[in-house]
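Report on the following structure.
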Amino acid sequence: MPNIRVCALFRPLNSKEKAEHGDIVSYRMLDSETFVFKDEKEEEIQFCFDRVFCQGSEQGDIYEFLGLPIVKGVANGVNGAIITYGQTGAGKTYSMEGPSIRECNEKQKGLLPRVVDGLFKVIKQSDEILKYTIKLSMVEVYMERVRDLFDLSKDNLQIKESKVQGIFVGGVTEVSISDTTEALQSLSRGIANRAVGETQMNMASSRSHCIYIFLVQQELRKERRSGKLFLVDLAGSEKAEKTGAEGKVLEEAKTINKSLSALGNVINALTCETTGRANHIPYRDSKLTRILQDALGGKSQTALLCCCSPSPENASESLSTLRFSARAKHIKALPHASAKEDEDTKGLQNVSETKTDACERILQKLSQQLKPEDVQLLEQLFILEGIFFDPYSVEEIESAYNDVTLRTISSLQKTVEELVATVDGLKKENQILKNLMRRC
């Protein structure tokens with residue numbers, strides 16, 4: 001699966017849509033990959049994706065086409081991501097979880113429980129694996145803060161990067177899971193902590209982007225292998241006039257739409273990069289795009305399920321979702337396996353540790369000339385920048401290291417200059433007072 005696999009999903013009409021428009025839908029299937037969509041002006045637009053799921057499609061069909069190849073890839077050491085995208089109320093969370101993460105029949109099970117089943121099945125079928133561990137984490141991006149859904153006291157986690165791990169959430173709780181039942185129990189606990197709210201379009205609208213992270217580590221006969229799988233249930237895009245959002249819910253909607261807009265900007269930049277026209281990909285514009293950096297433009301297998309309402313009432317929002325999906329189809333990714341620790345990795349770690357040692361030496365030298373509280377301030381700055389205690393450092397460590405050092409020196413110089421100016425001023429005032437006293 002060399003590029004991002006993109007699929008569209010049209011959920012069945014709900015009772016409200018049927019009451020207002022009958023059984024009329026805004027799309028017409030041409031084949032399993034192509035359809036014609038009718039916009040608000042009754043104009044027809046043709047779209048083509050890797051697969052189109054509509055009324056009559058089963059949850060198992062979605063998993064077999066989108067999820068299973070990625071599960072197999074993760075078991076082989078290739079990172080993967082499955083992302084659901086679309087308007088609020090379009091069926092994203094249902095596609096991801098099903099009606100209930102723990103209590104539903106086999107036919108209704110969503111992507112998440114099927115992925116859990118698939119991971120254990122694929123790993124246990126291999127004769128080469130001597131030992132394996134699977135660790136699960138859950139976070140949500142709520143109002144531009146990354147919250148740990150297994151430990152709500154961790155409500156502002158930082159996103160970090162290393163040459164070995166890629167993008168990761170620092171300090172997140174990791175739960176070891178040994179079977180499907182244990183995994184679903186943990187997932188159910190995390191889902192219960194997720195931020196939801198009621199709108200006119202959805203009784204339990206997701207107010208955050210939810211990210212499930214599976215870290216799979218295996219010990220084989222000849223190598224060690226690790227793979228990371230992200231499942232991302234994005235909050236839905238919203239129009240306030242349709243959702244009736246007010247107060248806190250409206251502020252949540254603004255933040256959701258802003259982060260989704262940042263995601264759209266990243267998609268646009270990546271498709272331009274494919275044609276050689278872009279230089280900068282704005283991953284850092286939001287916490288969401290920063291977390292998804294490796295999944296979108298890095299070395300992961302990625303599947304995007306774009307969920308749409310089939311009703312003419314939501315034609316404008318569905319069209320926006322479909323156009324986003326069409327752009328994403330042009331992104332090219334280069335998935336690769338991250339297996340055993342090799343000599344290059346060890347060398348990188350040694351270099352990074354050298355940088356950390358250099359930070360310590362700088363602080364030691366400064367401690368001979370500065371007050372202890374000033375040295376502590378500098379130490380906190382090093383930690384904040386992810387240099388001092390991170391053995392793998394951050395992206396472009398040389399640039400970051402130099403930047404911190406220069407800003408620290410500049411700050412110290414500015415402080416000294418202000419002190420000198422204050423002393424000069426006091427000297428002048430003192431001289432004026434002396435002259436006045438002599439005259440008296």
ask   = Counting Lys +1, Arg +1, Asp -1, Glu -1, what net charge surrounds Asn265 among other residues with beta carbon under 12 Å of its beta carbon?
value = +2
task = Grab the Cα-Cα distance for Ser153 and Ser126, subtract it from 0.36 nm times how many residues apart they are, and report the gain in nm with one decimal.
result = 5.8 nm
remark   = Percent of all alpha-carbon pairs of the stretch 16-131 at distances over 20 Å, whole number, is 55
task = Obtain the nm distance between the two label points defined at Ile24 and Met437 by a simple spin-label model: each point lies 7 Å from its Cα along the Cα-to-C-beta direction.
result = 9.5
ask   = If R0 is 60 Å, what FRET efficiency do you get for Lys222 and Asn257 from their C-beta distance, rounded to 0.05?
value = 0.75
remark   = Burial-style ranking of 135-145, 45-55, average other-beta-carbon count within 10 Å with highest first, yields 135-145, 45-55
ask   = Is there a pair in Lys160/Lys228; Lys121/Lys163; Lys163/Lys258; Lys109/Lys131; Lys254/Lys287; Lys72/Lys135 whose C-alpha atoms are over 21 Å apart, and which pairs would that be?
value = Lys121/Lys163; Lys163/Lys258; Lys109/Lys131
request  = Could you sort 282-290, 301-309 so that the peptide with the highest average Cβ count within 10 Å comes first and the rest follow in order?
outcome  = 301-309, 282-290
query = Can you give the extra length, in nm with one decimal, that the chain gains between Val416 and Glu103 once fully stretched, where that is 0.36 nm per residue apart less the Cα-Cα distance?
reply = 106.1 nm
task = Return the FRET efficiency for the residue pair Glu144, Arg327: r is the Cβ-Cβ distance, R0 is 25 Å, and the value is rounded to the nearest 0.05.
result = 0.55
message = Counting heavy atoms of the protein chains only and a 1.4 Å probe, report the per residue accessible area for the stretch 1-124 as a whole number of Å².
response = 45
query = Could you work out Rg/(2.2 N^0.38 Å) for the stretch 1-64, with Rg from alpha carbons only?
reply = 1.25
Contour minus Cα-Cα distance for Lys248 and Ser176 (0.36 nm per residue) = 22.4 nm
request  = Provide, as a two-decimal number, the C-alpha radius of gyration of the stretch 70-205 over 2.2 N^0.38 Å, N being how many residues it has.
outcome  = 1.14
key: Mean Cβ count within 10 Å, highest first, over the residues of peptides 170-176, 64-70   = 64-70, 170-176
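The values are calculated or read from the model by the stated rules, or taken from the named source; none is laboratory data. Predicted, not measured: the structure shown is a model, and the values here were computed from it. Cβ atoms come from the backbone with ideal geometry, glycine included; neighbour counts cover every protein chain shown. Please note that ligands, DNA and RNA were not included when accessible areas were found on the heavy atoms of the full protein model with its side chains. Shrake-Rupley method; radii C 1.70, N 1.55, O 1.52, S 1.80 Å.
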